[in-house]
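For reference, the structure discussed in these notes is given below.
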Amino acid sequence: QVQLVESGGGLVQAGGSLRLSCEASGSIFSIYGMAWYRQAPGKQRELVAIISSRGTTTYADSVKGRFTISRDYAKNTVYLQMNSLKPEDTAVYYCNADATTAQTIGVRGYWGQGTQVTVSS
């Protein structure tokens with residue numbers, strides 16, 4: 001299986017920055033796309049940013065120009081640099097990875113436990 005452990009969340013004032021990290025571990029054969037999602041109270045989980053195995057990135061319109069997703073392939077780690085944070089960015093941020101492992105057949109999606117980001121006005 002694959003374990004995803006997020007870190008870097010916290011409380012920040014509007015206009016500030018945070019950097020989230022998510023490290024994947026376990027009996028991993030290959031990791032394909034890695035992504036960040038977020039879920040605010042009372043709202044559905046939404047895609048924030050995704051980075052493919054080739055490094056192609058896609059962002060939600062609401063974070064374009066402010067957030068940057070990157071990846072360290074050697075460390076099986078994905079990052080989310082968040083700048084110019086706004087109160088509406090407040091949410092639990094979840095890491096997601098599509099991977100193949102020694103125990104499963106085919107590509108499966110895995111989730112981290114989430115990390116809270118709170119932006120005060």
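The values are calculated or read from the model by the stated rules, or taken from the named source; none is laboratory data. It should be emphasised that the depicted structure is a prediction, and the values quoted were computed from it without experimental measurement. Cβ: placed from backbone, ideal geometry, glycine included. Neighbour counts: every protein chain shown. Just the protein is used for accessible areas: all its heavy atoms, side chains included, with ligands, DNA and RNA removed. Shrake-Rupley method; radii C 1.70, N 1.55, O 1.52, S 1.80 Å.
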Top of Val92, Val48, Val107 by mean-square fluctuation, Gaussian network on the chain, Cα under 10 Å: Val107
Extension gain (nm, one decimal) between Arg66 and Arg108, 0.36 nm per residue minus Cα-Cα: 12.2 nm
Hull-based mean projected area of the chain, where the convex hull spans the alpha carbons, in square nanometres: 7.1 nm²
Placed amide H near Leu85: partners under 5 Å, 5+ positions off or other chain: Gly15, Gly16
In Hz, Karplus ³J(HN,Hα) per residue of the stretch 100-116 (6.51, -1.76, 1.60; θ = phi - 60°; x = Gly, Pro): 10, 9, 6, 9, 10, 9, x, 8, 10, x, 10, 10, x, 7, x, 9, 7
Over the stretch 1-97, relative contact order from alpha-carbon pairs under 8 Å, at least 6 apart, %: 35 percent
Accessible area per residue, Å², the chain with all protein chains present, probe 1.4 Å: 52 Å²
Carbon + sulfur, % of accessible area of the chain - ligands and nucleic acids excluded, 1.4 Å: 48 percent
At R0 = 25 Å, FRET efficiency that the Cβ-Cβ distance of Thr56 and Ser30 yields, to 0.05: 0.95
